[in-house]
Amino acid sequence: MTNIEGRMAGRAAGPAAPPGELGRIRGGGWPAVGALAAATFTVVTSEMLPVGLLTPMGRELRITDGTAGLTLTVTGLVAAVAAPVLTLLAGRRDRRVVLAALMGTLAAANLLAAYAPDVAVLLAARVLVGLGMGGVWAIAAGLAVRLVPGRRVAAATSLIFSGVAAASVLGVPAGTFLGELGGWRTAFVAMALVCGAVAVALAVLLPPLPEAAAVRLNGVLGLLRGAPVRTGLLLMALLVTGHFAAYTYVRPVLEEVAGAEAGQISTLLLAFGLAGLAGNFTAGAAAARSPRAALLAICGVLAGAVLLVPLLGHVAGVAGAALLVAVWGLAYGGVSVSTQTWLMAAAPGAREAASALFVAVFNGAIALGALVGGRAADGWGAAGVMWLGGALAVGALVTVGVG
């Protein structure tokens, strides 16, 4: 480990709370961290719900898979803009109140999607999902340091981001299963109810969290002058774009390349999510020691798994695809917590501003991935989507290696 990595890992593992925040730790603790984990679970599930429902949504609304994928593109684009904008607009307002209000917005958005008569209304609902998601993620990502003692911050951050992996384990497969049982609209109604419950949990379990100083636009943009911040954002953009270029269309890929049946898709997505949950905690511990080493491993494994899906899925069928999907999930499960750890360590005095940049780039990459993946799916077919995703992951590996 280099001296720079050592300093970064030390900061990531548990920075002491600033003097003005010591009193606010009291009354928070692990129940509050658990509520934030539920919030990240809910926003990511809301965002990713169309992944397992892409085929029935497209069939009922009479649109192509590429057009149906725009429900992810729109959400990601809006979230990318909403993250820094809502962080700035929140000013010094109590973050507990802001988070509960944003979660209520997500509940309304999912209800609108459930009753959308056409793709235009569905896309409008997904705009609202983007607003709620961008704000919740940007604010929640940096709150661990205000809720637990410094030595527990790394573990609390991993727990908060476990909601991202748990969304794959429980949220997306459950939504896919509900879609098979009662139609894709039922899945969106269920998601609206979950959002409402999480809004109540945030209001009850979080302590008052007013900001001592409002985040300023020049503070957010000023972070881009730091080389470690730029490197972290670039590698995250490549990784996430590559992942979502492939993962958004994983259902058609598994059906066409590996011959998976509709009833097997939810099981394969569950395997992805379980592996991702394990990857989240494994990567969180590894990134606290050396963010660069953790990200090198993540990029290499993710690139290999995605590139091999067309080959092994064609040769070995569903069993081969299941193995690669699990390895893929293991690697991707560590992306959020590792890149967040990198950025928090690179900007320890501006955590909320760094979180806003993190969410903006992350969701912009989701939107870009869904968009270019859609063009690849419509133009090159299932295998082309995998080649594109793998190539971008290789680009992320090079960025970590030389950055």
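Remarks
- Here the Karplus curve 6.51 cos²θ - 1.76 cosθ + 1.60, taken at θ = phi - 60°, turns the phi angles of the stretch 121-130 into couplings of 5, 4, 5, 4, 5, 5, 5, 5, 4, x Hz, with x standing for Gly and Pro.
- Potential extension, Val204-Val402 segment - 0.36 nm per residue separation minus Cα distance: 66.7 nm
- With the Kirkwood sum run over all distinct C-alpha pairs, the stretch 137-191 has a hydrodynamic radius of 13.0 Å.
- Using a probe radius of 1.4 angstrom, the carbon and sulfur fraction of the accessible surface of the chain is 70%.
- Cα centre as origin, Lys/Arg/Asp/Glu Cβ charges: the chain dipole, Debye: 1400
- Model label sites at Thr186 and Ala285, defined 7 Å from Cα along the beta-carbon direction, differ in position by 4.0 nm.
- Taken one residue at a time, the phi angles of the stretch 31-42 give Karplus couplings (6.51, -1.76, 1.60, θ = phi - 60°) of x, 5, 4, x, 5, 5, 4, 5, 5, 5, 4, 5 Hz. Gly and Pro are set to x.
- Most tightly packed first, judged by the mean number of other beta-carbon atoms within 10 Å of their residues, the peptides 256-264, 272-280 read 272-280, 256-264.
- Under Karplus coefficients 6.51, -1.76 and 1.60, residue-wise ³J(HN,Hα) of the stretch 237-244 in Hz, glycine/proline x: 4, 5, 4, 6, 4, x, 4, 6
- Rough spin-label spacing in nm, given labels placed 7 Å along Cα→Cβ, for Ala120 and Arg375: 2.6
- When only the Cβ of Lys, Arg, Asp and Glu is charged (+1, +1, -1, -1), the dipole of the stretch 83-156 relative to its Cα centre reaches about 520 debye.
- Using a probe of 1.4 angstrom and keeping all protein chains present, the accessible surface of the chain works out to 36 square angstrom per residue.
- Per residue, the convex hull spanned by the alpha carbons of the stretch 27-210 comes to 96 Å³.
- One equal scatterer on each Cα of the chain, no solvent, Debye formula: the resulting log10 I(q)/I(0) at q = 0.10, 0.12, 0.14 Å⁻¹ is -0.58, -0.86, -1.18.
- Estimated dipole of the stretch 27-210 in Debye, rounded to 20 [Cβ of Lys and Arg +1, of Asp and Glu -1, Cα centre]: 600
- When shorter helices are ignored and each DSSP H run of at least 4 residues is given -39500 (n - 2.57), the per-residue value for the chain at 222 nm works out to -28000 deg cm²/dmol.
- 10 Å-binned pair-distance histogram of the stretch 219-402 (Cα, whole percent): 11, 38, 34, 14, 4, 0
The values are calculated or read from the model by the stated rules, or taken from the named source; none is laboratory data. Just so it is clear, the model here is predicted, and its values are computed rather than measured. Every residue, glycine among them, receives a Cβ derived from its backbone with ideal geometry; neighbour counts consider all protein chains shown. The protein model used for the area step is the full one, side chains on, heavy atoms only, and it has no ligands, DNA or RNA in it. Shrake-Rupley method; radii C 1.70, N 1.55, O 1.52, S 1.80 Å.
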